[in-house]
Ligand code: AHR
């Protein structure tokens with residue numbers, strides 16, 4: 001053979017290298033147990049730093065990977081989907097072992113997830129869902145049940161006004177438009193309050209999950225809805241912004257206008273303890289350890305659960321006072 005004649009020694013070395021590589025793969029690969037943690041590379045595409053929850057989530061994820069000795073490539077998308085897509089494409093190019101991300105909005109992920117699948121890089125969704133019809137595009141989704149969170153907020157409200165027949169006018173401060181927690185928290189809440197027509201959402205606008213957004217939207221909406229009784233904010237930060245706007249309008253948050261929020265970060269819990277927020281539905285940002293476990297299993301070729309729901313509770317003022325001293329975030 002011509003090739004053999006000309007490249008005989010090189011070909012022989014090639015065959016040897018291939019054989020050795022083959023041995024190394026079967027020796028250190030899936031069949032013989034998990035990869036060394038230091039050899040696993042994970043790319044994480046975070047939403048941004050829009051809220052106290054997000055900051056706690058980032059800190060927890062970085063700490064969990066550091067503790068596990070797994071190198072983590074981290075990017076902050078500044079709440080822009082195009083930045084997250086760029087980051088995911090760059091992780092694909094770098095050939096990381098696993099990609100994890102919290103999708104800023106629900107839709108528009110199929111193309112990039114397909115690219116990851118074609119490159120045989122497993123993807124784990126954390127915190128937020130995608131609306132893709134093809135669930136083979138990701139291996140697992142770890143995070144809260146946001147519809148349930150919205151329902152818990154609605155249930156507290158129904159209970160709080162159980163003895164009243166007067167209208168209850170509600171302003172809803174929505175999270176980022178198109179984001180799973182904004183859509184689902186609105187849906188769960190609406191489902192529960194629909195049972196009694198005294199509950200009316202008189203205005204609903206996005207505050208983009210930020211304190212500044214919550215303040216600005218509340219300032220404007222209080223002017224057009226002076227008879228509001230309740231503010232339902234999709235996160236603590238927007239609720240904290242609403243408190244500033246209510247106080248600036250000469251009203252007393254928690255008394256003149258009741259406030260329900262979601263998250264239970266320290267600042268929110270302090271406001272609840274102080275009586276400025278009336279009820280908080282917990283959404284846990286502590287996803288790091290569970291994400292590490294999923295990554296280790298995926299890399300070892302083990303089965304992982306398709307959907308892992310975070311365990312969460314709710315807080316009244318008394319419960320917040322009790323929980324605050326030990327609150328981690
Ligand atoms: O996706 C989780 C939500 O995103 C949190 O409730 C909110 O604070 C964050 O920005």
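The values are calculated or read from the model by the stated rules, or taken from the named source; none is laboratory data. Computed from a prediction, not measured in an experiment: that's the story for all the values here. FYI the Cβ positions are ideal-geometry reconstructions off the backbone, even for glycines, and counts take in every protein chain you see.
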Worksheet item: Considering segment 121-138 alone, what residues qualify as being away from the ligand (no atom under 16 Å from the Cβ), under 24 Å from residue 58 (Cβ atoms) and part of a loop (DSSP other than H, G, I, E, B)?
Response: 121, 122, 138
Worksheet, complete the sentence: Across segment 103-120, the tally of residues that are touching a residue at least 12 places away in the same chain (Cβ under 8 Å) and either within 13 Å of residue 140 (Cβ to Cβ) or more than 15 Å from the ligand (Cβ to nearest atom) (or both) stands at 11
Worksheet item: Quick one: would you say residue 242 is touching a residue at least 24 places away in the same chain (Cβ under 8 Å) and surrounded by fewer than 22 Cβ atoms within 10 Å (Cβ to Cβ)?
Response: no
Worksheet item: Only one of these conditions is not met by residue 93: (1) away from the ligand (no atom under 16 Å from the Cβ); (2) within 19 Å of residue 309 (Cα to Cα); (3) in a helix (DSSP H, G or I). Which number is it?
Response: (2)
Worksheet, complete the sentence: Counting only residues that are buried (at least 20 other Cβ atoms within 10 Å of the Cβ) and more than 16 Å from the ligand (Cβ to nearest atom), segment 175-206 contains a total of 2
Worksheet item: Can you tell which of 328, 317 is out of contact with any strand residue (DSSP E or B) (no Cβ under 6 Å at 6 or more places or on another chain) and within 18 Å of residue 232 (Cα to Cα)?
Response: 317
Item to complete: Those residues that are in a loop (DSSP other than H, G, I, E, B) and within 16 Å of the ligand (Cβ to nearest atom), I need them from segment 222-247; list them, please.
Response: 234, 235
Item to complete: Please work out if residue 258 is in a strand (DSSP E or B) and either more than 16 Å from the ligand (Cβ to nearest atom) or not assigned by the TED database to the domain that holds residue 186 (or both).
Response: yes
Discussion item. So, in segment 207-221, exactly how many residues are in contact (Cβ under 8 Å) with a residue 24 or more places away in the chain and more than 16 Å from the ligand (Cβ to nearest atom)?
Written reply: 4
Worksheet item: So which residues in segment 139-174 are in the same structural domain as residue 218 (by the TED database), more than 13 Å from the ligand (Cβ to nearest atom) and not in a helix (DSSP H, G or I), if there are any at all?
Response: 161, 162, 163, 164, 165, 166, 167, 168, 169, 170, 171, 172
Item to complete: For residue 44, work out the one condition from (1) part of a loop (DSSP other than H, G, I, E, B); (2) within 16 Å of the ligand (Cβ to nearest atom) it doesn't fulfil.
Response: (1)
Response to the item:
Counting only residues that are in contact with a helix residue (DSSP H, G or I) (Cβ under 6 Å, 6 or more places away or on another chain) and within 19 Å of residue 144 (Cα to Cα), segment 53-76 contains a total of 3
